[in-house]
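The values are calculated or read from the model by the stated rules, or taken from the named source; none is laboratory data. Here the structure is a predicted model, which is why all the values come from computation and not from measurement. Methodologically, a virtual Cβ is constructed for each residue, glycine included, from the backbone with ideal geometry; neighbour enumeration extends over all protein chains shown.
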Amino acid sequence: MLNSISPSLQRPRLRCCDASSCRSAGSGALLKALETARSNAGEAAEPLDIEPVGCLRLCSQGPLVALDRPEGSSLFGGLSAPLAGALVDAGSGTDNNSSLNDHAIDLEQPFFALQHSVVLEGCGQVNPESIDSAIAHGSYEQLRHCLQELSAADVREQIRRSGLRGRGGAGYPTGLKWDTVALQPPGPRFVVCNADEGDPGAFMDRSVMEGDPHRLLEGLAIAAYAVGADRGFIYVRAEYPLAIERLRLALRQARQRNILGNNIFGSQFDLRIDIRVGAGAYVCGEETALMQSIQGRRGSPRPRPPFPAQKGLWGAPTLINNVETLAAVPAILREGGDWYGAIGTDSSRGTKVFALSGAVVNTGLVEVPMGTSLRTVVETMGGGVPNGAGVKAVQTGGPSGGCIPAALLDTPVDYESLRALGSMMGSGGMIVIAESMAMPELARHFMRFNVNESCGKCLPCRAGTVQLEQLLTKFVAGNAQASDLEQLEQLCQMVQTTSLCGLGQAAPNPVLSTLKYFRQEYKTGCEPATAGPQPWA
């Protein structure tokens, strides 16, 4: 947790958030100022460590700095370089924090207290650019344990027992996917980390890659051992330059320590991992399009079956998991599959990381047990809409998800419950919508995104999304006809059922969910076609 002190802490420590969110708020200048202030303090001051770390979660209050001392931890937000001296004095025990009082953040508030850290347990604690820091916090111990003490079948058994399901959106059982790849006929196999996180408002995977890259590498290496692969790829979007930089550094460090490469930890296991940088096509988050891109081809989907687990990269069985799924693996191996399976619900086990954003007081990263209600995340942890305004809806699943009205905020966050409401878990974006938002306009926003990101391979998606956007524009402008409402629903059903891949199949979800729960707003956008009562009156 954020308010825990690492067992390796030998002296006071300042942890300065050096993730993209805090960097955009000025943490780079703050970090340099902290180092300068420590130098100016001289040898008379108590020794103090200053470390750049990954996301400290409460992004709306960045830049953030955590102070660890033997008596406990403190967190400060909304900082700037002129406050560096006060932070160093507080870390060295020569200041009573009076100048920092206005910047102190309560670590006992629900935003922190209700989090259950598994995937994010090292994020904000580890220096992401230091393999020594990662190893001090336990990185690669489970890879060593697997290679020296467990068979590949033993590893897969623990993943099955955990009940882990894919965190990329579909929720496919991870253990079953691993078994499918491992039990294919003898021959080469590949493992792929899908880090092409493209949903608007989603930054969970980015935060893991920026804040704890060695954890991801360890999870991918364990997966490779479990399925018999000796080659792996991390496919990450070009819009994540800091994540790419730190992943490349982590790979070099791991290879230098012989943690990746040949005869890892003295075993017979070899693994080469390479990074592939995508050009930003949203459709490449779909696994068959992603594989095409890795092989140097145009990133467009193909029909399934065959599934990648049977015939993937270069025709070989290929395991594809997303960042969050793989980052959960080391903790599962350390604590045991039954431990992880005891968290969450019977059908949706473990924890889920959400990027909480939109019209909410506390924006940032939250990791909670599956089954936690939307109300708990949005209102209790997130603090609700600023200035006491009401929540109108919560949008989950990005442009492939749906909008859940405020009346249903007590819905538990799990795969089945969200799907029953016409939404989905997705990769973990959670956008809070204020009462002032017009829902047809929101639906058009997401449809426009899908229009721009369609690969154009199949007609229903290529043309259907364009027609849906045009219809939505009529509702937004208030000049739609009653017949347009019927056409809108019919076209949504057509695109949903006939598109080739998940992008087109899910593109109508925001429209269908807003039609279901906010239909009156669409009716308001219709002008009378003839005099007299309207069909919906």
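Kindly indicate which of Leu183, Leu216, Leu164 is touching a residue at least 60 places away in the same chain (Cβ under 8 Å), out of contact with any Phe, Trp or Tyr (no Cβ under 8 Å at 6 or more places or on another chain) and of a type in the set (A, V, I, L, M, F, W, C).
Details: Leu183 fails: touching a residue at least 60 places away in the same chain (Cβ under 8 Å); Leu164 fails: out of contact with any Phe, Trp or Tyr (no Cβ under 8 Å at 6 or more places or on another chain).
Exactly one of Leu183, Leu216, Leu164 is touching a residue at least 60 places away in the same chain (Cβ under 8 Å), out of contact with any Phe, Trp or Tyr (no Cβ under 8 Å at 6 or more places or on another chain) and of a type in the set (A, V, I, L, M, F, W, C), namely Leu216.
Going through Pro213, Pro317 one at a time, which residue ends up being under 17 Å from the mean Cα position of the chain (by Cα) and at pLDDT 95 or above?
On the way: Pro317 fails: under 17 Å from the mean Cα position of the chain (by Cα).
Criteria check complete, one pass: Pro213.
Among the candidates Leu485, Leu500, Leu459, single out the residue that is within 25 Å of Thr325 (Cβ to Cβ) and modelled with pLDDT under 95.
Details: Leu485 fails: within 25 Å of Thr325 (Cβ to Cβ); Leu459 fails: within 25 Å of Thr325 (Cβ to Cβ).
The conditions single out Leu500.
Kindly evaluate Leu442 against the criterion of being without any contact (Cβ under 8 Å) to a residue 40 or more places away in the chain and at negative phi.
no
Out of all the residues in the range 181-199, which are buried (at least 24 other Cβ atoms within 10 Å of the Cβ) and at pLDDT 95 or above?
Selection gives Val181, Val191, Val192, Cys193, Asn194, Ala195.
Given the conditions (1) over 24 Å from Asn509 (Cα atoms); (2) surrounded by fewer than 24 Cβ atoms within 10 Å (Cβ to Cβ); (3) not small (Gly, Ala, Ser), which single one is not true for Pro317?
Looking at each condition in turn, Pro317 falls short on (2).
Specify the residue that is surrounded by the most Cβ atoms within 10 Å (Cβ to Cβ); the eligible residues are those in the range 200-239 that are of a type in the set (Phe, Trp, Tyr) and touching an Asp or Glu at 6+ places or on another chain (Cβ under 8 Å). Can you show your working first?
Applying the first criterion (of a type in the set (Phe, Trp, Tyr)) to the range 200-239 yields 203, 225, 233, 235.
Among the residues that remain, those that are also touching an Asp or Glu at 6+ places or on another chain (Cβ under 8 Å) are: 203, 233, 235.
Working: Phe203: 25, Phe233: 23, Tyr235: 23.
In this case the residue turns out to be Phe203.
Does Val361 qualify as being under 21 Å from Ser207 (Cβ atoms), touching a residue at least 40 places away in the same chain (Cβ under 8 Å) and surrounded by fewer than 20 Cβ atoms within 10 Å (Cβ to Cβ)?
Numbers: under 21 Å from Ser207 (Cβ atoms): yes; touching a residue at least 40 places away in the same chain (Cβ under 8 Å): yes; surrounded by fewer than 20 Cβ atoms within 10 Å (Cβ to Cβ): yes.
Yes, satisfied.
Taking the range 226-244, which residues are more than 18 Å from Thr174 (Cα to Cα) and small (Gly, Ala, Ser)?
Scanning the range 226-244 gives Ala238, Ala243.
Examine the range 73-85 for a residue that is aromatic (Phe, Trp, Tyr) and outside the structural domain of Cys17 (by TED's automatic domain parsing), and state whether such a residue exists.
Among the residues of the range 73-85, not one is aromatic (Phe, Trp, Tyr) and outside the structural domain of Cys17 (by TED's automatic domain parsing), which makes the answer no.
Residue-wise test of (1) at pLDDT 95 or above; (2) among the charged types (D, E, K, R); (3) in a strand (DSSP E or B).
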position	(1), (2), (3)
Val208	yes, no, no
Ile222	yes, no, no
Phe233	yes, no, yes
Val236	yes, no, yes
Arg248	yes, yes, no
